Amino acid sequence: MSSIFTPTGRITRRKYLVLFMVSYFTNILSLMLMWQSYHREAWTIFFSFGIILIASIVFLIVQSIKRLHDIGKDWKYVLYLLIPPPVNLIGFIWLAAKPGTIGKNEYGLDPKRTDLV
């Protein structure tokens, strides 16, 4: 089982959806707290949650790369997810809904047989 912080290997739709929801919740919470701290001019809090937001986005991109690997696509398709909404939301939904390659592919073993979640 590979680490969730490395962009190698494959993950299942279920694991991707759980990690997407956690990351999405973190993004929304960070944006709300950044907005609030901006109006209060609490710059330390603003920059702290800005760092958390950037880390959460990078984490989501890594998970999207692993999900693309499960589908059999190269990592370069993740660049489409950097397009602002609604295009990136459609891409995230597609990644959560598209079934992965059954069995082994060029990116590794079938994650349904190796993942615990």
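The values are calculated or read from the model by the stated rules, or taken from the named source; none is laboratory data. Since we're looking at a predicted model, the values are computed, not measured. In this analysis, Cβ positions are derived from the backbone assuming ideal geometry, glycine residues included, and neighbour counts consider all displayed protein chains.
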*Of all residues in region 1-42 being buried (at least 16 other Cβ atoms within 10 Å of the Cβ) and modelled with pLDDT of 95 or more, which is nearest to Leu109 (Cα to Cα)?*
Thr26
*Return the residue satisfying two criteria in turn: it lies in region 102-114 and is surrounded by 15 or more Cβ atoms within 10 Å (Cβ to Cβ) and over 16 Å from Arg14 (Cβ atoms), and of such residues it is modelled with the lowest pLDDT.*
Gly108
*Give just the number: which of (1) in contact with a helix residue (DSSP H, G or I) (Cβ under 6 Å, 6 or more places away or on another chain); (2) under 28 Å from Ser37 (Cβ atoms) does Tyr77 not satisfy?*
(2)
